[in-house]
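Trainee: Starting off with a structure, shown below.
Laboratory data are not the source of any read-out in this text; all were calculated from the coordinates shown. What you are looking at is a predicted structure, and each value in this text was computed from that prediction instead of being measured. Here the Cβ positions follow ideal geometry from the backbone for every residue, glycine too, while neighbour counts run over all protein chains shown.
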Amino acid sequence: MQLLFQIVRDALCSKASGKEILEEYKKTSTISDVTRRKMVNILVADMVEYHGRVPPVNVRNLYALGITTLFPKLSDPDSKNGYIDQDFSMIFGEEVSGKFLSKWPTFFKPRVIADCCKNLTPSPVVDELLLSAQQESDDGGKC
């Protein structure tokens, strides 16, 4: 777990705004929307720099786990991986966000995949993302 913590901490410490993120969390035990967006931008840039334009899923998972290790109060205790559920909860409240997330795999996901199949311009990256989403999908639908 220390390595996960260190990857995210090093990426944030390499930028002045990253140090501000760490300070905000230290003072308030949370981070604002604006700060969260800064953190995401810094960490995505770091992933892209070291792992290419489309970092593999395992790398993205490592960073996500690194975030929840470095910022434990942002973790989602109800998620099997402990990833952050803060956005939906902050925007819509606990009850509404819980309903949306419970309906995602069965209601929204197949419709989003179908819409993407119809409307996105094919490219290797888009094809790879759609294939991954389809393989994880409950309905197994294809484009």
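Trainee: Please report V126, V8 as a ranked list, fewest other C-beta atoms within 10 angstrom at the top and most at the bottom.
Mentor: Numbers: V126 13, V8 25.
So the residues, fewest neighbours to most, are V126, V8.
Trainee: List the equivalent ellipsoid semi-axes of the stretch 1-81 in whole Å, largest first, each obtained as the square root of 5λ for an eigenvalue λ of the Cα gyration tensor.
Mentor: In descending order, the three semi-axes are 19, 16, 11 Å.
Trainee: If you stretched the chain out fully between E20 and R60, how much longer would it get, using 0.36 nm times the residue separation minus the C-alpha to C-alpha distance?
Mentor: 12.1 nm
Trainee: With 10 angstrom as the radius, rank K19, K118 by how many other C-beta atoms surround their C-beta, starting from the fewest.
Mentor: Exposure proxy ranking, most exposed first: K118, K19.
Trainee: Another question about this same structure. Can you sort T68, T28, T121 from fewest to most other Cβ atoms within 10 Å of each residue's own Cβ? Numbers along the way, then the final one.
Mentor: Working: T68 20, T28 11, T121 5.
Neighbour counts put them in this order, fewest first: T121, T28, T68.
Trainee: Calculate the spin-label point distance for L131 paired with Y50, positioning each point 7 Å from the Cα along the beta-carbon direction, and give it in nanometres.
Mentor: 2.7 nm
Trainee: Within a Cβ distance under 11 Å of E20, other residues only, what is the Lys/Arg minus Asp/Glu net charge?
Mentor: Local net charge: +3.
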